[in-house]
1. Taking the condition within 16 Å of the ligand (Cβ to nearest atom) and aromatic (Phe, Trp, Tyr), does Phe91 pass?
2. Here is a list: Val140, Val203. Which entry is of a type outside the set (Gly, Ala, Ser) and buried (at least 23 other Cβ atoms within 10 Å of the Cβ)?
3. Exactly one of these conditions fails for Glu274: (1) open to solvent by 80 Å² or more (accessible area, probe 1.4 Å); (2) part of a helix (DSSP H, G or I); (3) closer than 23 Å to Ser208 by Cβ. Give me its number.
4. Of the residues in the stretch 227-244, how many are open to solvent by 20 Å² or more (accessible area, probe 1.4 Å) and either touching a Ser or Thr at 6+ places or on another chain (Cβ under 6 Å) or part of a helix (DSSP H, G or I) (or both)?
5. Out of the residues in the stretch 123-154 that are away from the ligand (no atom under 15 Å from the Cβ), touching a residue at least 60 places away in the same chain (Cβ under 8 Å) and of a type outside the set (Val, Ile, Thr), which is farthest from Ser288 (Cα to Cα)?
6. For Val228, which of the numbered conditions (1) closer than 22 Å to Lys13 by Cα; (2) without any contact (Cβ under 8 Å) to a residue 24 or more places away in the chain fails to hold?
7. Could you list, in sequence order, the residues of the stretch 217-226 that are open to solvent by 30 Å² or more (accessible area, probe 1.4 Å) and either within 12 Å of the ligand (Cβ to nearest atom) or assigned to a strand (DSSP E or B) (or both)?
8. Please enumerate the residues belonging to the stretch 7-45 that are charged (D, E, K, R), open to solvent by less than 60 Å² (accessible area, probe 1.4 Å) and assigned to a loop (DSSP other than H, G, I, E, B).
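The values are calculated or read from the model by the stated rules, or taken from the named source; none is laboratory data. Please read these numbers as outputs of a predicted model, since none were measured by experiment. Neighbour counts are summed over all protein chains in view; Cβ atoms, including those assigned to glycine, are modelled from backbone coordinates with ideal geometry. Side chains included, ligands, DNA and RNA excluded: accessible areas come from the protein's heavy atoms. Shrake-Rupley method; radii C 1.70, N 1.55, O 1.52, S 1.80 Å.
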Amino acid sequence: MFSLDKLIRNNIKGLSPYSSARDEFSGEAKVFLDANENSLGSPLNKWYNRYPDPHQVKLKAAISQVKAVNTDRIFLGNGSDECIDLLYRCFCQPGKDNVIICPPTYGMYQVSAEINDVAIKKATLLDNYQLDLVHLENLVDENTKIIWLCSPNNPTGNCLNREDIEMVLNNFNGLVVVDEAYINFARQRSWVQELQEYPNLVVLQTFSKAWGLAGLRLGMAFASPEIVEVMDRVKPPYNINQVTQELALQALEEVGQVNDMIRLLVDMRDALAEVLVQLPNVEKVYPSDANFLLVKMKDARGIYNKLLEQGIVVRDRSNVKLCEDCLRITIGTEQENTTLVDALNNLN
Ligand SMILES: *Cc1c(COP(=O)(O)O)cnc(C)c1O
């Protein structure tokens, strides 16, 4: 049976969170003399002298509409990276607990574990970049708190099989985090609508990819209200700044524009893939459900360096297990993609 109580770190269980001035009073008032802000204003023509809403009420309401998820199931972080770190700090006892990752995958799960002194176990993906369920099951012990799944996966670009994720959700009594940073580019549907069914499910999404707002630093964790409550207790009170809250709210009114960009990027991805497979140095272009392509090359490292000389930066994954001789290439603008293809055509 799943018991959140058994997962929460002992020091977090009884934690009373910092109570900010804006926590204690959140209603309408005329005079705010409670938070030691600069009452004269700021050098900017905006009310940035005030602390932002620690609960992001307006922003969560807007996200709730767009995602069709209740506000009490939404946690917002300073990028998904903050959500990842907070999951360790809420649920993993340093020096005792462990988590499982499925490499090749996003690097922050491991870095954040190491920072938090949490042991990592690795269930390497199969050759087809799908989960090795047998290996996964064998790695689980009584101190395993989190299984990190990334779908669509970075850097491989594919979605994990839905039935496999379902299997993990049904059989693991810790948290199953499904990182959906690239879900808007995928054919598969999000796991966000399955939260009611799985009390151990945490879905991560971000404004950094499809929304085009990597610079704002805004990540979302969707989970049970109980999990969200624990993360809320541990987060820094003002983790989402005022500018980010205002601009993200504005962006959320432009869903149509974002969907247009997604469609365009997916079309350009598929077109670029078709061009790339025909190049003599390209051995394979992996199918992608994301806004990048994983491309197997003859001498990826050498090609990476030659591209660099021409001012073109791609991601060299050639020393990553199962990605030998692969470059990860983000879909650029039409012109950037053409520049890339021209450069690849003129390698000497
Ligand atoms: C890019 C990416 C993120 C986004 O992280 P942010 O901190 O929200 O910018 C999360 N997970 C994966 C797998 C990514 O590739």
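1. no
2. Unique residue meeting the criteria: Val203.
3. (3)
4. 7
5. Lys145
6. (2)
7. Selection gives Arg217 alone.
8. Arg9, Glu37
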